[in-house]
1. Please report, largest first and rounded to whole Å, the three semi-axes of the ellipsoid equivalent to segment 241-452, where each semi-axis is the square root of five times an eigenvalue of the C-alpha gyration tensor.
2. Round to a whole number: what % of the accessible area of segment 241-452 belongs to carbon and sulfur, probe 1.4 Å?
3. Using amide H atoms built 1.01 Å from N in the peptide plane, name the residues 5+ places from TYR402, or on other chains, whose amide H lies under 5 Å from its own.
4. Taking a quarter of the surface of the convex hull around the Cα atoms of segment 50-202, what do you get in nm²?
5. Classify the chain from the C-alpha gyration tensor, please: rounded if a/c falls under 1.5, else prolate or oblate depending on whether a/b exceeds b/c.
6. Using a 1.4 Å probe on the protein heavy atoms, what percent of the accessible area of segment 1-97 belongs to carbon and sulfur?
7. Beta carbons within 10 angstrom, averaged per residue: use that to sort the peptides 394-407, 195-208, 78-91, highest first.
8. Can you tell me the accessible area per residue over segment 241-452, all protein chains present, probe 1.4 angstrom, in square angstrom?
Amino acid sequence: MGTLYQPLESTIQELKVTIQDTSLVFPSEKTQKKPMFLSNIDQVLNFDVQTLHFFPANSEFPPEIVTEKLRNALSKVLVPYDFLAGRLKMNHQIGRLEIDCNAEGAVFVVASSELTLKEIGDLVYPNPGFKQLVTQSIDHLEKDDKPLCIIQVTSFKCGGFAMGTSTNHITFDGTSYKIFLQNLASQAFGDDKPLAIVPCNDRSLLAARSPPRVDFPHPELLKLEVPIGVELNPTVFETLQEELVFKIFKLSSSDITSLKDKAKDENAPHAKVTSFNAVTAHVWKCKALSFDVENNSERISTVLFAVDIRPRLNPPLPKSYTGNAVLTSYASATCHELEEWPFSKIVAMVSKGAMRMTDEYARSAIDWGEFYKGFPNGEFLISSWWRLGFSEVEYPWGKPKYSCPVVSHRKDIILFFPNIDDGISSNNDGVNILVALPAKQMEKFESYFHKFLLA
């Protein structure tokens with residue numbers, strides 16, 4: 001039960017990528033020049049997120065045809081997504097970031113690799129070389145002219161290709177990014193095909209109340225001494241210089257079912273035993289107990305995880321809301337409690353953390369942002385790409401073979417990400433868990449991971 005993920009082939013980190021062309025893409029129709037309000041959730045997410053989508057060769061859609069279709073599709077979607085062609089600006093009169101929807105354009109990069117997809121090796125195993133497949137910045141542009149969206153299409157020698165995107169997190173959360181991909185794909189079909197989903201760009205739906213009212217203590221948020229508008233590092237915790245070992249732990253669908261059954265068997269009637277809650281509870285216990293400090297048993301461990309507030313607000317947010325509509329939830333317990341409690345109670349604590357995110361709590365957290373600027377506050381954060389469904393998006397040339405983030409290994413962020421779609425549903429329902437820890441802690445984490453699965 002539970003295995004260490006081993007890459008299928010040796011990993012090649014030098015992908016031999018050559019940039020062939022870099023250009024700006026503008027909206028295909030004239031758009032209104034205007035400022036876009038950004039919510040308090042958006043305000044603190046001023047950093048870039050890189051995502052990769054790998055496609056196998058398709059004889060009907062060679063890379064040069066795909067490149068042109070994606071370029072045209074991007075131009076079309078920049079009309080309903082006018083903010084994506086804009087630039088981030090500070091409104092000094094009100095002391096807030098906003099997007100200047102000025103149609104300055106998104107960046108489109110064409111590149112090629114001397115390798116085939118097969119030569120690159122295992123797509124699931126995080127490869128530092130994947131950074132070569134995403135253009136993260138355009139050096140010759142001024143800081144105030146930094147684009148909010150860059151798409152790079154890299155063709156491989158076999159005819160397959162990768163689409164790498166770099167977007168400022170202010171523009172999208174995971175849910176709205178998938179909708180953007182669906183709309184981009186729909187426009188790649190041509191023939192004036194309508195958008196898959198009409199985006200809702202009204203971010204005032206998550207504006208703070210007037211006057212703002214903080215009704216809860218919000219221990220999950222840490223006040224930051226960072227001036228508004230300063231670009232934040234994509235890490236949410238202090239960076240410590242130390243050697244980390246990273247490993248991927250793989251849970252099959254049967255492993256996950258076993259964890260869920262264990263929670264149900266221990267009779268916790270109020271716990272919502274979802275796959276995410278069960279896996280999070282398991283990882284939390286292992287991570288907390290592997291901490292290498294004296295008197296660890298009395299230490300309070302806090303796990304953080306994101307909750308989509310779209311359906312939790314009253315009235316609910318539109319599903320097509322384009323901004324960031326996730327807030328951090330949490331669960332806390334002493335390490336002694338995590339060691340002694342039945343698994344069902346740990347799952348119940350995770351479930352309670354998610355259920356805490358009511359309309360009242362979410363509005364209070366948003367209003368908190370009127371007084372402070374802060375990021376999640378806890379021992380570690382679980383970032384889940386598990387069920388976002390980026391690889392389910394249908395393009396004219398088919399679905400991606402695999403979609404994944406370009407990751408950095410950090411001990412305070414544990415990443416959940418899906419298996420590659422190999423046509424076997426039982427494999428696809430599993431999850432990969434990327435953990436980075438100092439060697440001594442990793443040894444303990446790995447031992448606990450397998451021990452508690454068998455318990």
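The values are calculated or read from the model by the stated rules, or taken from the named source; none is laboratory data. Predicted model only: the values in this text are computed from it and were never measured. Glycine also receives a Cβ, built like all others from the backbone with ideal geometry; neighbour counts cover every protein chain displayed. Note: areas computed on protein heavy atoms with side chains; ligands, DNA, RNA excluded. Shrake-Rupley method; radii C 1.70, N 1.55, O 1.52, S 1.80 Å.
1. Ellipsoid half-lengths, sorted descending, are 26, 24, 19 Å.
2. Here carbon and sulfur together make up 49 percent of the probe-accessible area.
3. PHE54
4. About 10.4 nm², averaged over all directions.
5. In terms of gyration-tensor shape, oblate.
6. The C+S portion of the solvent-accessible surface of segment 1-97 is 53 percent.
7. Highest to lowest by the protection proxy: 78-91, 394-407, 195-208.
8. Using a 1.4 Å probe on heavy atoms only, each residue of segment 241-452 averages 42 Å².
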